Amino acid sequence: MSFMRSPGWHRAAAIRAKEWGQVWRDPSTFGLVVVMPLLLIFLFGSAVSLDTNGSRTGLVDHDRSRASRSLAAAFADNRYFAVKEGSAIAPLEAELEAGKLRGILVIPDGFERGLATRRPADLQLITDGSQPNTAAFLTGHARGALAAWQEAQARERGIAVEPALALLPRYQYNPGLESRFMLVPGAIAIVMAMIGSLLTALIMAREYERGTMEGLLSTPISIPALVLNKLVPYFVLGLASTGICVAFAVFFYGLPFRGSIFGLFAISASFLTAVLGQGLLISAATKNQFVSTQFALLSGFLPSLLLSGFLFEIDSMPRPIQWLTYIVPARYLIPSLQSVFLVGDVWTLFLPNIAILLAFGGFFFFRVMRAITRTIA
Amino acid sequence: MSWLTRMAAIALKELKVVLLDKRARTTLILSPILQLALFGLATTLEVKNIDVGVVNRDAGIASERFIATLGGSRNIRSLEYYPTTAALAEAIEHRRVIAGVVLPPDLSNRVARGRTGEIGVLLDGRRINAAQIVSGYLGEMAARTGAELRPLPQATGPQIVAANWYNPNLDYRWFTMPAMITVITAVLMVSVSAQSVARERELGTYDELMALPLRPVEILVGKTAPAFLVGLVNAVLYTVLIPLLYGVPLVGSVGLLLLSIFCFSLAVTGIGLSISTLAQTQQQAFLGGFLVTVPLILLSGYASPIDNMPDWLQWLARANPLSHMLAICHGTFLKNWSAALVFSHIWPMLMVAVVTLSTATVLFRARSE
């Protein structure tokens, strides 16, 4: 191949070789590319869980009747509650305050009598509102447990009536309701964002800090070629890291992978293009390692975690924040990534997102070129 | 008192290094405030403004009533109608709606005959948390409509009256905002303190530092100054801003909160400093800090409750200074915690501070000799 003998090709290869050397010289790169993905997938697979089971709940039975004992037993058997029974409310309240209990259920005096006379004595549930999500779940589960108990009682007495409407929910793509299936693809997005924006910003900023960037710019290679060749190793590292993540997610956490490798490659490559451009721009704009890392955290890591829609629903956010999510690249990755695992290759969903991510990448490169040209002038 | 002046001198030098750069100053002071506004508002586990699909093949009263109930819900933004279940499934696949209801042709007929009308619900399992909450909303609406169509004798029994203590309306912001004090200051303090020694080593000024007439401990204490101050200033700023801007009550003792912030800052700075003494370059320091900070945040109870974690991770979470600070933030802001309760969470943080700061000193001394 004649072009491989051309001086331009040799120069480009030399830049790539230099960059690879720089990448591998520091063992922390290995940490970022191999250890961080495994750690994040593990944390989002095992530590972060939105499934509330066995909430520690206090129970005080003031009635001490056959009906109230039967209800208390129903709560004790329910998988959403871990019941701790007490004779008075006050000591349980102290535990609620300390955060050792998430709620207290009080069965009032006259509960059984109320059932017979059809003048019901309501149950009181005190929840720890400082954990709003758990409190809301607890109330919902308590209402469910009470309704189930009432229905069983009515059936025993032969007065039960079938409800007019019932729902038959079916969770598409995730019938086992695994929150892991939602969280692990999000973790992969964070890994890619970190390698793309953080590692790139850090290593490039170091070149500026030490003055070696000027040396590189004076080599006889065009600036776009120089920049693109410098990015090749990080692009490859990002893809390798994604591969490690996907393998770990599938083989260790049992996530299905219903799409194709090509589909995964297309969405990962377009996302990496956007975040690599972002990292490059951060380093060119700050030229300082410390400031670069702060910017990369602020514009890369945190938005990918909080504004991308994988942990928190974008539609539920206040309107101005929703607008802001449109400039977070991870927003355009998460739906595709979740789909490639759980649904398959949904090209009608992938293609618009890929186009937007490539446009991000193009914009960032354009800005970087201008920033570098200005430096030279 | 000469050791005190020596330490003050090195602390001053460290502060200059960090705060003399204008952009560093901006990122350290402005960005935490920006983060408080942005991420505090964004992090809600509530599910609102949802789009729901409807496939209606029933022409009777039951579907009419149920659709009217859906339309009246304040959590639902729009109802999208689809001719078939397949069209609905496709809309879910393309994320146009998060869920859809399928009303079968015999729905009203079954209800009229005293049987149960079954409504199919398709939900997007990719967003499983939101989908489960939406399923809860729909179930509640079906129960309400069903009771209008046919009152249940068992439903006239006792109900559960819920009282949410410390946060009556379960405003999610009352949870996130105090938590931000813990999370953002921890990120800041680790990233600043992790740089401190590593930077000198990378720039080659480490040997000069060693040549100064200072003991290693004195240098190290001086080095903690910027991270400690940046963290402390931001935490105090948050404590003032959160009640003012977001109306989150601060019912507990401000003094106890400040004392806790102080101990927390010691612990977190100690973690950052240990990383810094191990790192050879700024890159290592930063990545090391990141590799430690992320698990600390995810195991603090901020992203999801500690109660939901497996037991052995709960033990780890108990050694995490962030989980104790998070508990204190909620305890003092919302619950008016007593000194005894606050101290029960302060001492684990102090333990972490003692362990990490002495580790850093030992490592620093070992490397400087």
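Just so you know, all these numbers are worked out from the coordinates, no wet-lab data involved. All values derive from a computational prediction rather than experimental measurement. All Cβ positions, glycine included, derive from the backbone under ideal geometry; neighbour counts span all protein chains shown.
Some notes on this structure:
- Here the 3J(HN,Hα) profile of region B:21-35, calculated from phi with Karplus coefficients 6.51, -1.76 and 1.60 at θ = phi - 60°, is 6, 4, 5, 5, 4, 4, 5, 7, 9, 6, 5, x, 5, 4, 5 Hz, Gly and Pro shown as x.
- Under the Karplus curve 6.51 cos²θ - 1.76 cosθ + 1.60, θ = phi - 60°, whole-Hz ³J(HN,Hα) for region A:169-179, x wherever Gly or Pro sits: x, 10, 8, 4, 6, 8, x, x, 6, 7, 5
- Helix runs (DSSP H) in chain A reaching 20 Å along axis by Cα, Kyte-Doolittle at least 1.0: A:223-251, A:261-286, A:347-376
- Residues with amide H under 5 Å from that of A:Glu85, placed H, sequence gap 5 or more: A:Leu59
- The protein assembly as shown - Rg and Dmax from Cα coordinates, angstrom: 28.8, 97
- Hz values of 3J(HN,Hα) by residue in region B:62-77 - Karplus curve (6.51, -1.76, 1.60), Gly and Pro given as x: 4, 5, 4, 5, 5, 5, 4, 5, 4, x, x, 6, 7, 8, 9, 8
- Taking every residue in B:163-174 and counting other chain Cβ atoms within 10 Å of its Cβ, the average works out to 6.
- Rounded to the nearest 10 degrees, the angle from helix B:2-19 to the longest Cα principal axis of chain B is 50 degrees.
- Averaged over the residues of peptide A:99-106, the number of Cβ atoms from other protein chains lying within 10 Å of each residue's Cβ is 3.
- Working ranking of peptides B:185-195, B:51-61 by packing, defined as the average number of other Cβ atoms within 10 Å per residue, highest first, is B:185-195, B:51-61.
- Fraction of antiparallel bridges per DSSP, the protein assembly as shown only, in percent to nearest 5: 20
- Amide H contacts under 5 Å for B:Asn164, placed H, 5+ residues apart: A:Thr127
- Nearby aspartates and glutamates by direct alpha-carbon distance to B:Lys13 (threshold 20 angstrom, same-chain neighbours under 8 apart not counted): B:Asp21, B:Glu200, B:Glu202, B:Asp207, B:Glu208, B:Glu218
- Each residue in A:Phe30, B:Phe333 was given a count of other beta-carbon atoms within 10 angstrom of its own, and listing them fewest first yields A:Phe30, B:Phe333.
- Ellipticity estimate at 222 nm from DSSP helix runs (n ≥ 4, -39,500 (n - 2.57)) divided over chain A, nearest 500: -19500 deg cm²/dmol
- Per principal axis, descending, Cα span of region B:23-70 in whole Å: 67, 14, 12
- In chain A, the inverse of the mean reciprocal separation of distinct Cα atoms equals 24.7 Å; this is its Kirkwood hydrodynamic radius.
- Listed peptides A:312-324, B:34-46, B:348-360, A:122-134 by packing density, highest first (mean Cβ within 10 Å): A:122-134, B:34-46, B:348-360, A:312-324
- Sequence-distant lysines (8 or more away, or on other chains) whose Cα lies within less than 26 Å of A:Lys84: A:Lys100, B:Lys335
- Other-chain or far-sequence residues with amide H under 5 Å of A:Glu162's (modelled H): none
- Per-residue average of Cβ from other chains inside 10 Å of A:135-146: 4
- Percent antiparallel among DSSP beta bridges (both partners in region A:1-118, rounded to 5): 0
- Sequence-separation-based contact order of chain B, relative, with Cα cut under 8 Å and 6+ spacing, percent: 19
- Summary of packing: across the peptides B:301-308, A:224-231, the per-residue average of other C-beta atoms within 10 Å ranks them, highest first, as B:301-308, A:224-231.
- Packing-based exposure ordering (other Cβ within 10 Å, fewest first) of A:Arg79, B:Arg110, A:Arg56: A:Arg79, A:Arg56, B:Arg110
- Taking a straight Cα-Cα cut-off under 26 Å and skipping sequence neighbours fewer than 8 places away in the same chain, the lysines within cross-link reach of A:Lys230 are A:Lys18, A:Lys287.
- Cα gyration tensor category, rounded, prolate or oblate, for region B:223-369 with a/c compared to 1.5: prolate
- Relative contact order of region B:1-141, pairs being alpha-carbon contacts under 8 Å that are 6 or more residues apart, as %: 22
- Region A:296-319 versus region A:106-184: alpha-carbon centroid distance in Å: 33
- Residue order, fewest to most surrounding Cβ atoms within 10 angstrom, among A:Ile282, A:Ile327, B:Ile67: A:Ile327, B:Ile67, A:Ile282
- In degrees, nearest ten, helix B:173-203 long axis to first principal axis of chain B (Cα): 30
- Taking the helices alone, chain B has a mean residue ellipticity at 222 nm of -23000 deg cm²/dmol, built from -39,500 (n - 2.57) per DSSP H run of at least 4 residues and averaged over all its residues.
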